[in-house]
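Report on the structure given below.
The values are calculated or read from the model by the stated rules, or taken from the named source; none is laboratory data. On a predicted model such as this, the values are computed, not experimentally measured, just so you know. With ideal geometry, Cβ positions are generated from the backbone for all residues, glycine too; neighbour counts draw on all protein chains shown. In case anyone asks, the SASA skips ligands and DNA or RNA and just uses the protein heavy atoms, side chains included. Shrake-Rupley method; radii C 1.70, N 1.55, O 1.52, S 1.80 Å.
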Amino acid sequence: MAPTDSTDDTASTTTSPDWWKSAVVYQIYPRSFQDSNGDGIGDLPGIRRRLDHLERLGVDVIWLSPIYRSPQADNGYDISDYQDIDPVFGTLDDFDALLADLHARGMKLVMDLVVNHTSDEHPWFVESRSSVDNPKRDWYWWREPRADGSPPNNWESFFSGPVWQLDETTGEYYLHLFDRKQPDLNWENPDVRHAVYTMMRWWLDRGVDGFRMDVINLISKDPTLPDAAPLPGRALANGAPHYTSGPRMHEFLQEMHREVFAGRDGLITVGETPGVTIEEAIRFTDPGRHEVDMVFQFEHVGLDHGPVTKFRSRRLQPGELAANLTHWQDALAETGWNSLYLENHDQARSVTRFGDDRSDHGAHWRTSATALATMLHLQRGTPYVYQGQEIGMTNAPFATIDDYRDVESLNFYAEDLESGSSPAEALLGLSSMSRDNARTPVQWDGSAHAGFTTGTPWIAVNPNADRITVAAQVDDPHSVLAHYRALIALRHAHPVIADGSFERLDAGDDAIFAFERVLGDERMLVVTNLSSDERIPRFASSVFERWEDAEVLLTNLPGSEGAPDVAAPLAPWEAKVYSV
């Protein structure tokens with residue numbers, strides 16, 4: 001059965017309290033989505049030009065990466081004014097027009113909330129750094145140097161180097177878990193918290209439908225900021241135990257819910273929570289605790305990281321990804337809710353990383369992209385589509401360090417060379433895991449720069465835009481894009497996907513990810529071969545008996561519909577969805 005086209009299936013958001021369980025979220029990284037004025041940078045009017053694509057895809061919610069006023073040290077995650085739009089993206093009037101257009105099409109809009117830190121150019125920090133007795137001094141984390149003048153502790157930044165920057169004016173250090181231009185807010189100060197809540201209410205009053213909260217589990221830190229356990233052979237240490245899900249984390253989120261969200265209907269709150277444990281994820285998302293609706297956890301996208309850095313990655317063994325996803329499905333079965341994702345603006349392209357794109361115009365590229373989508377979208381949780389993922393965009397073939405733009409990648413490259421690696425070794429690490437892989441412009445059509453801009457793009461378009469584009473797939477019933485439309489339509493049409501139980505089935509082969517979804521009398525079976533070799537499922541006899549009269553709802557291999565034999569060999573990256 002070829003994927004069905006959901007052109008007529010409009011977004012199905014409702015105002016029921018948990019409407020987001022049956023919704024699909026689409027993330028837009030505005031800088032790389034669509035440029036409207038030829039400056040090479042995507043913008044809000046550009047997004048409005050592409051709403052037909054999003055509506056036809058069938059998604060319910062649009063999540064915008066930061067569009068606030070910013071010096072762009074970390075591409076907008078360094079905010080200098082929370083209540084204005086950066087001119088590179090447009091104006092507040094442009095934002096209001098986009099919001100109105102989305103609502104008119106039945107879609108909701110979620111803003112990226114970045115309140116663990118601000119830009120060092122935010123007026124709050126400008127005041128804070130002006131003198132040690134400024135009223136906003138303790139809106140941020142300031143500490144005196146150690147006796148020898150060194151930083152107050154030994155923590156390492158997410159972006160390499162120490163987390164402390166010396167301020168020459170006052171002679172004290174300020175804390176920045178990320179870039180030095182991203183000083184951390186001190187959430188211990190109630191004035192900080194209530195300034196943030198006021199800003200959040202302002203956006204909700206404007207019509208925004210919720211927030212994706214960036215690294216929100218880092219806002220509560222051990223106020224003593226102690227040294228971390230040293231890492232062998234390294235001067236800096238991982239301070240995460242002292243700043244991740246700290247002692248007042250849940251208190252702060254519950255206060256935020258009372259001050260911002262209580263009494264407002266139809267919203268969605270998503271907490272990005274690096275390093276979160278399953279136990280913490282349940283606490284964050286237990287509806288009775290009134291914190292957030294769902295978490296973004298990182299365990300599955302850390303499986304291929306090296307022991308010291310993600311830039312020394314490895315290829316996963318068959319079954320590793322499925323086993324981890326199953327672990328989270330089982331753990332949150334009774335309480336809690338998870339975000340289902342493989343890609344976002346911080347992750348490399350999934351078809352390169354977890355699939356097989358060695359022939360990006362061949363069978364494994366398309367089938368691996370659609371197999372990964374199938375196994376992800378039909379689990380329990382809210383699925384996320386990152387721009388370009390719906391057409392199978394791949395990692396980019398960056399050749400030199402000059403091709404990169406991301407601060408994390410540039411910092412790693414410099415540090416890796418300093419530690420003794422060759423340029424070739426450092427570039428090899430970046431090629432597989434750099435965030436810039438996700439940030440190349442969306443490939444719309446076969447025109448110059450893939451239809452993204454009439455100017456010079458801020459980062460180069462992937463050369464495979466001569467083959468992989470929206471235009472090339474939009475009317476192809478067997479394309480990656482058509483398969484995504486079909487998956488989204490299935491979620492809207494079948495309550496078992498959002499609300500049913502999940503049970504992993506033993507298929508006798510680690511490379512086969514098979515699971516059942518059950519809700520009352522409705523049952524669904526998902527079988528995917530997550531490898532580039534043919535595999536034969538060997539289920540227990542009871543599985544064959546339960547599914548002998550099944551109907552094939554969806555497959556990613558044209559011509560494989562046939563009789564719904566769940567024992568049939570699976571071609572490389574074949575995916576089948578059955579229903580009874």
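Leaving out ligands, DNA and RNA, what percent of the accessible area of segment 314-416 is carbon and sulfur, probe 1.4 Å?
Of the solvent-accessible surface of segment 314-416, carbon and sulfur hold 50 percent.
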Q) Any idea what angle helix 363-377 forms with the longest principal axis of the chain, computed on alpha-carbon atoms, 0 to 90 degrees, nearest 10? A) 70 degrees
Q: Can you grab the distance from the C-alpha centre of segment 466-540 to the C-alpha centre of segment 312-345, Å, no decimals?
A: 15 Å
**Q.** Farthest toward positive dipole pole in segment 142-250 [+1 Lys/Arg, -1 Asp/Glu at C-beta], among 208, 224, 169
**A.** 208
**Q.** Average accessible surface area per residue within segment 151-216, 1.4 Å rolling probe, Å²
**A.** 30 Å²
Q) Where the only charges are on Cβ atoms (+1 Lys, Arg; -1 Asp, Glu), what is the dipole of the chain about its Cα centre, to the nearest 20 debye? A) 200 debye
Q. With the dipole of segment 241-326 worked out from charges on the C-beta (+1 for Lys and Arg, -1 for Asp and Glu) around the Cα centre, which of 271, 311, 295 lies farthest toward the positive end?
A. 311
**Q.** Set of lysines near residue 136 by C-alpha distance (under 25 Å), chain-local residues within fewer than 8 positions excluded
**A.** 181, 221
Q: Measure off, as a whole percent, the carbon and sulfur share of the 1.4 Å-probe accessible area of segment 73-189, all protein chains present.
A: 48 percent
Q | Label zone at residue 169 (point 7 Å along Cα-to-Cβ), backbone N below 18 Å, segment 126-161 | A | 126-145
Q.
Tell me the angle of helix 190-206 to the major Cα principal axis of the chain, expressed in degrees between 0 and 90 and rounded to the nearest ten.
A. 50 degrees
Q) Which whole-number percent gives the relative contact order of segment 326-387, counting Cα pairs below 8 Å spaced six or more residues apart? A) 42 percent
Q | DSSP bridge orientation in the chain - percent antiparallel, rounded to nearest 5 | A | 60 percent
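Percent relative contact order of the chain, based on C-alpha pairs within less than 8 angstrom and at least six residues apart?
15 percent
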(Q) Quick check for you: which residues of segment 535-578 have the amide N under 14 Å from the point 7 Å beyond the Cα of residue 358 toward its beta carbon? (A) 572-573
**Q.** Of 245, 370, 426, farthest towards positive along the dipole that unit charges on Lys, Arg, Asp, Glu beta carbons give the chain
**A.** 370
Q: Give, rounded to the nearest 20 debye, the magnitude of the charge dipole that segment 106-245 has about its Cα centre when Lys and Arg contribute +1 at Cβ and Asp and Glu contribute -1 at Cβ.
A: 400 debye
Q: Run the accessible area of segment 429-505 with a 1.4 Å probe and give the carbon-and-sulfur part as a rounded percent.
A: 54 percent
Q: Would you please give the residues with an amide H less than 5 Å from that of residue 84, counting only those at least 5 places away or on a separate chain, with H modeled from the backbone geometry?
A: 69
Q | segment 44-108: relative contact order as a whole-number percent, Cα under 8 Å and 6+ apart | A | 37 percent
Q) With axes computed from alpha carbons, what is the tilt in degrees of helix 480-493 against the longest principal axis of the chain, rounded to the nearest 10 within 0 to 90? A) 90 degrees
